[in-house]
1. Among the residues of the range 84-139, write down those that are on the phi > 0 side of the Ramachandran plot and either under 13 Å from the mean Cα position of the chain (by Cα) or touching a residue at least 60 places away in the same chain (Cβ under 8 Å) (or both).
2. I'd like the full set of residues that are assigned to a strand (DSSP E or B) and of a type outside the set (A, V, I, L, M), limited to the range 76-95.
3. Looking for whichever is surrounded by fewer than 19 Cβ atoms within 10 Å (Cβ to Cβ) and either under 17 Å from residue 120 (Cβ atoms) or of a type outside the set (Lys, Arg) (or both) here; the options are 32, 27, 47. Which one fits?
4. Of all residues in the range 66-83, count the ones that are buried (at least 19 other Cβ atoms within 10 Å of the Cβ), over 12 Å from residue 135 (Cα atoms) and within 14 Å of the chain's Cα centre (by Cα).
5. If I go through the range 52-75 residue by residue, how many of them are closer than 20 Å to residue 102 by Cα and either part of a strand (DSSP E or B) or among the hydrophobic types (A, V, I, L, M, F, W, C) (or both)?
6. Mind checking which residues of the range 32-44 are within 14 Å of the chain's Cα centre (by Cα) and either over 18 Å from residue 62 (Cβ atoms) or basic (Lys, Arg) (or both)?
7. From 129, 107, grab the single residue that is out of contact with any Gly (no Cβ under 8 Å at 6 or more places or on another chain) and not in a loop (DSSP other than H, G, I, E, B).
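Read the figures in this text as sums done on the coordinates, not as results from a lab. All figures in this text were calculated on a predicted structure; none of them were measured in a lab. Positions of Cβ are backbone-derived with ideal geometry, glycine not excepted, and every protein chain shown enters the neighbour counts.
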Amino acid sequence: MTHEHTLASEIVITHPEDLEVEISSGAMTRLAGVSELLTGSTGIHLAIATVPPGRCSTAHYHTNCESAIYVVSGAGLFLSGSELENEQTITEGDFIFVPPDANHQPVNTSDTDDLVLIVARNAPVELVVELECLGRKDC
């Protein structure tokens with residue numbers, strides 16, 4: 001499929017084989033289905049993220065957008081707080097709201113199963129600040 005900039009008034013269906021590979025965050029990979037590149041969207045972005053067993057994303061925050069996350073499958077921890085001191089258990093069916101400038105790091109605590117997340121944000125491109133001195137380093 002050739003990706004061309006589409007008009008905002010067009011409906012675009014992105015099939016699994018056409019997902020946009022995004023930059024990895026630590027061990028977490030993300031594939032976008034609704035993005036500026038794929039659909040011409042300017043106010044929303046939707047992707048599926050996968051964190052392999054025993055792994056995590058980098059500790060980070062977004063300066064320009066809110067994120068909404070849905071846990072499709074798997075289980076883990078969601079670290080948050082100024083020093084990532086808050087550890088909340090997440091599992092299939094949970095919804096997570098992440099406001100702008102909120103430090104966070106998803107961690108897959110399973111030894112066998114992927115942690116799969118649907119991630120939506122209200123900006124076509126996220127501005128990320130990596131927190132190299134915070135969060136889990138062992139994953």
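1. Within the range 84-139, the subset on the phi > 0 side of the Ramachandran plot is 84, 93, 101, 135.
Across the range 84-139, the qualifying residue is only 135.
2. Step one: filter the range 76-95 for residues assigned to a strand (DSSP E or B), giving 76-80, 86-91, 95.
Of everything in the range 76-95, those that are assigned to a strand (DSSP E or B) and of a type outside the set (A, V, I, L, M) turn out to be 76, 78, 80, 86, 87, 88, 89, 91, 95.
3. Values: 32 fails: surrounded by fewer than 19 Cβ atoms within 10 Å (Cβ to Cβ); 47 fails: surrounded by fewer than 19 Cβ atoms within 10 Å (Cβ to Cβ).
Step by step, each of 32, 27, 47 is checked, and only 27 is surrounded by fewer than 19 Cβ atoms within 10 Å (Cβ to Cβ) and either under 17 Å from residue 120 (Cβ atoms) or of a type outside the set (Lys, Arg) (or both).
4. Qualifying residue count for the region: 3.
5. So in the range 52-75, the residues closer than 20 Å to residue 102 by Cα come out as 56-71.
If we keep only those that are either part of a strand (DSSP E or B) or among the hydrophobic types (A, V, I, L, M, F, W, C) (or both) too, we end up with 56, 59-62, 65, 67-71.
Result for the range 52-75: 11.
6. Matches in the range 32-44: 33 only.
7. Working: 107 fails: out of contact with any Gly (no Cβ under 8 Å at 6 or more places or on another chain).
After applying the criteria, what remains is 129.
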